[in-house]
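**Student:** My questions will all concern the structure given below.
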Amino acid sequence: AQSVSQHNHHVILSEAASLELGCNYSYGGTVNLFWYVQYPGQHLQLLLKYFSGDPLVKGIKGFEAEFIKSKFSFNLRKPSVQWSDTADYFCAVNVYNNNDMRFGAGTRLTVKP
Amino acid sequence: NAGVMQNPRHLVRRRGQEARLRCSPMKGHSHVYWYRQLPEEGLKFMVYLQKENIIDESGMPKERFSAEFPKEGPSILRIQQVVRGDSAAYFCASSPQTYTGELFFGEGSRLTVL
């Protein structure tokens, strides 16, 4: 069964620090990849997604993610985090043209002002 | 322009009672998904439904849990004879018939079992 692994359970950074959150999946076929974010007290919302093409995708709020097929990875990055980026971040995978989506356990990011 | 609506937002039940959580998908969406989020854990897939059909319920416990998405009305996640371990946040998401890859989430229903 496909699964999604997020390496970091809780990351604490100071403002302006660079961020990289790891995500690996275990499905060998064609996949679509996503990062969702859940700000405190809010619902999950899409941050960015990868379907095909340029493996470096850009999302909202300065986030980007790189798909490395050989490593089955889709890591999320941001050059300089802000206090408002404090949230839970979830990596998700689904099979092409299949609405069945599976999420990683999530990474809690705390940014200190 | 209503998003995914879940109710109740908070539900308190005593052990042995039944919990019913409702989810109205976004307008025009025909697919509904239920996820459970336990404290300090991520989102766990439970069940994926289309109108009147269960597509995938591989993440749902075999006993006490059931889900439906009738032709009319909201999707309902039903938990019978609740136990303390059922305390969690239950999230519903929806997507349109045409695949876009994106799920739209509700704000969740938090179940507390006393």
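**Student:** Could you tell me how many of the residues in the stretch A:27-60 are farther than 21 Å from B:Tyr90 by Cα, open to solvent by less than 60 Å² (accessible area, probe 1.4 Å) and hydroxyl-bearing (Ser, Thr, Tyr)?
**Tutor:** 1
**Student:** Taking into account only those residues within the stretch B:1-22 that are within 14 Å of chain A (Cβ to nearest Cβ) and more than 13 Å from the chain's Cα centre (by Cα), which is modelled with the lowest pLDDT?
**Tutor:** Selected residue: B:Ala2.
**Student:** From B:Arg36, B:Arg13, B:Arg9, grab the single residue that is more than 22 Å from A:Tyr89 (Cβ to Cβ) and surrounded by 14 or more Cβ atoms within 10 Å (Cβ to Cβ).
**Tutor:** B:Arg13
**Student:** Something else about it: Counting only residues that are within 12 Å of another protein chain (Cβ to nearest Cβ) and of a type outside the set (Gly, Ala, Ser), which one in the stretch B:99-114 is most open to solvent (accessible area, probe 1.4 Å)?
**Tutor:** In this case the residue turns out to be B:Arg110.
**Student:** Right, another one. Look at the stretch B:53-98 and say how many of its residues are within 14 Å of another protein chain (Cβ to nearest Cβ), under 12 Å from the mean Cα position of the chain (by Cα) and open to solvent by 60 Å² or more (accessible area, probe 1.4 Å).
**Tutor:** Total satisfying the criteria: 1.
**Student:** Let me ask something else. How many residues does the stretch A:66-107 contain that are in contact (Cβ under 8 Å) with a residue 40 or more places away in the chain and either open to solvent by less than 20 Å² (accessible area, probe 1.4 Å) or assigned to a strand (DSSP E or B) (or both)?
**Tutor:** Residues that pass the stated criteria total 23.
**Student:** Would you mention how many residues in the stretch B:79-110 are assigned to a strand (DSSP E or B) and touching a His at 6+ places or on another chain (Cβ under 8 Å)?
**Tutor:** Residues flagged as assigned to a strand (DSSP E or B) and touching a His at 6+ places or on another chain (Cβ under 8 Å) within the stretch B:79-110 amount to 8.
**Student:** Give the residue that is nearest to B:Thr112 (Cα to Cα), with candidates limited to residues of the stretch B:23-45 that are assigned to a strand (DSSP E or B) and free of Cβ contacts under 8 Å to residues at least 40 places away in the same chain. Before the answer, list the steps.
**Tutor:** The first filter runs over the stretch B:23-45 and keeps only residues assigned to a strand (DSSP E or B), leaving B:23-24, B:29-37, B:43-45.
Now drop any that are not free of Cβ contacts under 8 Å to residues at least 40 places away in the same chain, which leaves B:44-45.
On the way: B:Lys44: 18, B:Phe45: 19 Å.
So the residue we want is B:Lys44.
**Student:** Let me ask something additional. Could you please let me know if B:Lys27 is among the charged types (D, E, K, R), within 26 Å of A:Lys49 (Cβ to Cβ) and more than 12 Å from every other protein chain (Cβ to nearest Cβ)?
**Tutor:** yes
**Student:** Give the stretch A:1-26 a look and list any residue that's within 11 Å of chain B (Cβ to nearest Cβ) and surrounded by fewer than 18 Cβ atoms within 10 Å (Cβ to Cβ), or say none.
**Tutor:** Answer for the stretch A:1-26, where residues must be within 11 Å of chain B (Cβ to nearest Cβ) and surrounded by fewer than 18 Cβ atoms within 10 Å (Cβ to Cβ): A:Ala1, A:Gln2, A:Ser3, A:Ser5, A:His9, A:His10.
**Student:** Being more than 14 Å from chain A (Cβ to nearest Cβ) and surrounded by 14 or more Cβ atoms within 10 Å (Cβ to Cβ) is the filter here; which residues of the stretch B:39-52 pass it?
**Tutor:** Here is the first cut: in the stretch B:39-52, the ones more than 14 Å from chain A (Cβ to nearest Cβ) are B:52.
None; the set is empty.
The values are calculated or read from the model by the stated rules, or taken from the named source; none is laboratory data. Note that this is a predicted model, so its numbers are computed, not measured. In this analysis, Cβ positions are derived from the backbone assuming ideal geometry, glycine residues included, and neighbour counts consider all displayed protein chains. Just so you know, the surface numbers come from the protein's heavy atoms only, side chains and all, with ligands and any DNA or RNA stripped out. Shrake-Rupley method; radii C 1.70, N 1.55, O 1.52, S 1.80 Å.
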